[in-house]
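Bear in mind these aren't lab numbers, they're just calculated from the coordinates by the rules spelled out. In this text the structure is predicted, and so the values were computed from the model without any measurement. Reconstructed Cβ throughout: ideal geometry from the backbone, glycine too, with neighbour counts over all protein chains shown.
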Amino acid sequence: MADSIKCPNCSGNLIFDIGRQKLFCEYCLSAFVTEELEDTISIKEADEEPEGILEEGLKITCNACGAQLVTEKNSVVTYCSFCGSPAFIKERLSEKFAPHYVIPFQIDRDEAVKKFLRWCNGGRWAPCEYTSEKTISKISGIYLPFWLFDIDCRIDISAAALKNGRPLDLVRKIETKWRKLPFLGSKSFNEDLMKAIEPYKLESISVFHPGYLHGFMAECYDTEGEAVKERAAARVKEYIDEEFRVTVSTSYTDVKKTADRSEWKYEKVRYAMFPVWLLRYEYGGKVYEFAINGQTGAVSGSYPISLPKVILLFVTVFTACAALARLILALFLGGLF
Amino acid sequence: MDERKESILQLILQKLPWNDGKRAFRLSVIVLVAIVLIWTFLLYVSLPPRRTVVVKDPQFSFSPESLPDIESAAQRLSDEHDIHVVVITLPGTGLDESENKSAALKAYKEYCNPGFLRDRSGICLLLFPHVGYVEAAVFTYGMARGSVNFDLEKEVDHLFYQVHAPSPKFDKASSSSLDLINEKGHFHIGVLRLMIVCLLLPLLLAAYVCMRAIRRKKIKPSPESYKYRVTRNYISRTDTFLHTD
């Protein structure tokens with residue numbers, strides 16, 4: 001059975017209202033903070049995860065209209081295609097899938113559309129369809145699964161360098177701590193794109209409540225925290241290099257690392273849901289993705305280039321320049337008088 | 001960006017014709033038609049016009065016998081360098097440079113007018129026959145501009161120097177001047193320059209503009225380390241200079 005949070009006053013569907021940062025009933029105009037609805041839904045009471053829950057095509061029943069729905073793989077929240085009610089799948093938010101934290105959406109849909117249009121310059125060189133209402137309507141707010149790593153690191157690097165032309169050996173030992181370093185826990189999304197819209201303001205992270213997801217799509221992780229550690233290690237290595245570089249300022253030249261004895265340990269790994277506005281667009285057999293950080297509004301992505309538009313631009317510029325050149329030539333070399 | 005600017009920008013972005021397939025198509029058709037028309041016109045003005053050779057003697061300074069020689073010399077000059085040639089005798093002293101210039105332009109426009117922007121490359125030889133001497137002036141136009149240099153002008157002047165008009169010597173000097181220009185005139189490589197200026201440069205510029213326009217935004221790398229760092233303590237930071245002899 002799929003769940004949705006109903007208004008305690010009128011039993012209408014509640015939607016998380018970004019402007020109010022509350023769950024809002026569009027029918028009786030009531031607004032509730034998520035904590036007020038603790039009793040309405042509890043993910044702790046969820047049933048055991050049914051067998052094959054992460055396989056494609058999980059069948060669920062809408063608790064509003066009783067319709068049978070088939071969800072996408074890893075979907076946590078979906079919409080009933082018959083009555084339009086938001087519905088989340090408790091099993092995918094419970095037990096091992098229960099997130100610790102959530103960052104609620106701060107950027108609303110209108111703002112996201114504005115940012116999208118500004119980012120792609122109104123779709124100047126993209127195919128016409130890219131900025132059409134049809135495509136814009138596909139920009140969807142989605143909570144993506146992230147693993148947050150707390151890492152304690154002891155940097156210990158020896159290097160040879162030149163300082164003011166004199167050779168020297170240098171040693172750097174630094175203790176540093178990184179907290180809530182996020183790593184995408186889903187294989188279905190572009191990790192580089194998600195990194196590009198970081199960082200999130202982690203000081204405003206909230207304890208997870210399913211109410212925040214209401215009105216948006218959400219995915220649960222398909223990559224365990226342990227499996228993400230390899231990626232985390234790669235990023236930690238980058239950060240160690242970065243920390244080391246900071247200590248060898250411009251007066252040092254020809255810096256060559258001779259030994260790196262740095263060590264780190266993962267203090268905590270926690271599961272969180274982060275908000276993203278996402279657009280996927282297929283053009284010429286390639287998928288172009290665009291993402292907005294749902295909290296800070298940072299944008300990133302790639303957009304398709306329309307070949308006919310570029311050809312038209314080329315021919316137009318060429319023609320205009322050729323005509324202008326001919327006119328100038330005529331002014332200098334006769335022809336106009 | 002403030003709220004007002006933001007909403008204006010939003011409005012502009014939404015009204016852009018390329019946001020709407022039908023409007024984009026209409027705009028493309030208009031642009032393409034304009035492009036075709038411009039290129040047709042450019043092609044038309046680039047077609048070589050029929051060259052005009054004019055020898056006019058309103059001052060009756062040339063003898064009827066010498067006129068064919070002058071005309072054939074003018075024709076040779078025209079044929080060999082693909083230019084218009086105008087030889088004309090005018091009243092006046094020919095001593096005022098600006099007057100000569102406007103007289104030459106007037107005569108040249110009157111006889112050699114292939115049309116707007118079309119090739120008017122040519123030479124005009126102005127002759128001012130007086131009792132006692134002849135003043136000659138050479139003017140160049142179009143691709144032939146500057147093809148007669150100062151030394152050549154002096155040589156032409158010399159041919160007419162102290163020639164009494166009308167006389168067979170004056171006639172001879174006219175045809176010889178045209179032959180001299182034919183031999184020594186430094187005519188520009190017109191077609192090549194035209195190709196470079198009118199085709200190659202615009203082609204490169206158009207390629208550059210397209211490259212700039214379609215330049216893709218780079219996806220940013222991971223945020224810097226300090227964004228997630230809560231503490232950093234330097235345990236040891238030592239620099240040991242090595243002894244060098």
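Given Cα pairs under 8 Å that are at least 6 residues apart, what percent is the relative contact order of chain A? The value is 22 percent.
The convex hull of the Cα atoms of the protein assembly as shown, projected and averaged over all directions, covers 44.3 nm². Neighbour counts of C-beta atoms inside 10 Å place A:217, A:194, A:273, B:211 in the sequence B:211, A:217, A:194, A:273, starting with the fewest. For chain A, a Gaussian network of Cα nodes joined below 10 Å ranks A:213, A:170, A:278 by mean-square fluctuation, and the top entry is A:170. Among B:195, B:143, the ranking by other beta carbons within 10 Å of each residue's beta carbon, starting with the fewest, stands as B:195, B:143. For the residue pairs B:56/B:172; A:114/A:177; A:114/A:134; A:22/A:90; A:22/A:268, the C-alpha atoms sit more than 26 angstrom apart in A:114/A:177; A:22/A:268. Under the criterion of Cα pairs below 8 Å and six or more residues apart, the relative contact order for the stretch A:136-288 equals 47 percent. Summed over qualifying helices (DSSP H, 4 residues or more, each -39500 (n - 2.57)) and divided by its residue number, chain A shows a 222 nm mean residue ellipticity of -7000 deg cm²/dmol.
Sort A:236, A:33 by Cβ crowding within 10 Å, fewest neighbours at the top.
Details: A:236 20, A:33 12.
Ascending Cβ contact count within 10 Å gives the list A:33, A:236.
A straight Cα-to-Cα reach below 12 Å connects residue B:218 with the aspartates and glutamates A:192, residues fewer than 8 places away in its own chain not being considered. In the stretch B:53-187, inverting the average of 1/r over every pair of distinct C-alpha atoms gives 14.6 Å as the Kirkwood radius. In units of the rule-of-thumb radius 2.2 N^0.38 Å, the stretch A:114-211 shows an alpha carbon radius of gyration of 1.76.
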